[in-house]
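Down below is the structure, laid out as structure tokens.
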């Protein structure tokens, strides 16, 4: 029995090591003019869990010069122009696998590899990430994953001018803290669109839909939402439901009772410090009951808006 336990422990340690290697490192955080980004994942159990975070700094991760030269040489001028635009923006993917066990990180790891492989094809074909990638991810997970292991996800791209374009699959909407107005501005409204979790139903646009039945029907094709960090110092917050549902023993949610005050007190800090303060305040407010992931995107305080 002891030998079996040791073997299982070794297998779990090996799995944890694999899962840890796809977590973002400090050097992966995107670097943009006028925009700073920082994030944090707090697993409920062990070192990894069902939450996952991917940064997509196009300039760091890919040789944009070589890609633009290749697209130009082959006559793909539209692709070359799209690749050029990626120099001034970065992508952030925040995902949450249903469940928070160590082994739920396996589903997150599958998403990680599938997404980054898909991005390579997208850049080759279109020069940018399109909704087609997420249609294919959704179809693939629908065909291979358990219905109980669905994934909520938000993917967005922030530009140096403060424009944030994002797609949501049943994920909590972002929150914006306005520096000038000194308060939170909620993004979700009648004009903001979300879709079912990844893997729960195929798309209406799936050309192969006749090959697999769907008891829940088919979803509409993904569309993209837009918002803009208008003022210098504005903070955009992305998070998983472990963050938004974080509550104390009295049933008070951190978002309702503490978040705005924390952001107001920390609004002059840089994102990495805001992340540190948020983590400290979250953990002092209550012990976590789920994995927690959050990302702070801040437009710099340079400019007249800080006056």
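Since every read-out is calculated from the coordinates, none of them should be taken as a lab result. Everything numeric in this text was worked out from a predicted model, so none of it was measured. Glycine also receives a Cβ, built like all others from the backbone with ideal geometry; neighbour counts cover every protein chain displayed.
What list do you get for 301, 283 if you sort them by fewest beta carbons within 10 Å?
Numbers: 301 17, 283 13.
Result, fewest neighbours first: 283, 301.
Can you bin the range 114-189 into rounded, prolate or oblate? Criterion: square roots of the alpha carbon gyration tensor eigenvalues sorted a ≥ b ≥ c, rounded for a/c under 1.5, prolate for a/b above b/c, oblate for the rest.
Cα axes put the range 114-189 in the oblate bin.
Just to be sure I understand: with springs between alpha-carbon atoms less than 10 Å apart, which residue in 207, 187, 244 has the highest mean-square fluctuation in the Gaussian network model of the chain?
Evaluated over the chain, the most mobile residue of the options is 207.
Highest GNM mean-square fluctuation, the chain, Cα pairs closer than 10 Å: which of 26, 95, 109?
With Cα springs under 10 Å in the chain, the top fluctuation among 26, 95, 109 is at 26.
What does the range 17-159 give for Rg and for Dmax, in Å, if only its C-alpha atoms count?
16.2, 51
Counting alpha carbon pairs within less than 8 Å and at least 6 residues apart, what relative contact order, in whole percent, applies to the chain?
21
Quick one: work out the % antiparallel among DSSP beta bridges in the chain, nearest 5.
Numbers: 49 of 51 bridges.
Of the beta bridges lying entirely in the chain, close to 95 percent run antiparallel.
Contact order normalised by length for the range 149-307, with contacts defined as Cα pairs under 8 Å and 6 or more residues apart; what percent is it?
Numbers: 267 pairs, mean separation 40.2, N = 159.
Value for the range 149-307: 25 percent.
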